[in-house]
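Below: the structure, in structure tokens.
The values are calculated or read from the model by the stated rules, or taken from the named source; none is laboratory data. Because the structure is a prediction, the values reported are computed rather than measured. Please note: Cβ atoms are built from the backbone with ideal geometry, for glycine as well, and neighbour counts cover all protein chains shown.
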Amino acid sequence: MVDIKAEELEDFVTKRLAYEIYRRPDLVDVYNSVNPIDEIKKLGYHLRGIKTAINNTTKAIGKGTTPELEEKLNTLTADRDIVEARIHDLRAQQKTKQ
């Protein structure tokens with residue numbers, strides 16, 4: 001049996017959902033039905049975590065890089081970009097509804 005921390009599992013599920021949503025336009029409507037203010041807040045927390053992980057990974061790379069660290073940094077950067085784009089989209093939706 002493999003031990004997985006709840007935070008790691010939540011992070012994985014969140015990233016996978018974001019990936020699937022952006023890949024499948026049919027899921028965008030379902031995702032957009034979530035309260036944008038709550039979603040922006042949740043994404044903001046997630047974004048801060050990603051940025052912290054990017055900083056930590058960058059520091060680790062400064063001490064000596066490995067292919068795994070470089071891959072992790074690339075993944076984190078892509079995740080950051082997805083979350084930032086989603087926050088931007090939600091804020092734009094809020095402005096058009098006001």
Scanning region 12-59 residue by residue, the ones that are farther than 15 Å from ILE87 by Cα, aliphatic (A, V, I, L, M) and at pLDDT 90 or above total 2
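So which of GLY44, GLY62 ends up being farther than 18 Å from GLU7 by Cβ and small (Gly, Ala, Ser)?
GLY62
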Here the qualifying pairs (Cβ atoms under 7 Å; residues six or more apart or on different chains; first in region 74-98 and modelled with pLDDT of 90 or more and assigned to a helix (DSSP H, G or I); second surrounded by 13 or more Cβ atoms within 10 Å (Cβ to Cβ) and of a type in the set (Ser, Thr, Tyr)) come out as LEU76/THR57; ILE82/TYR22
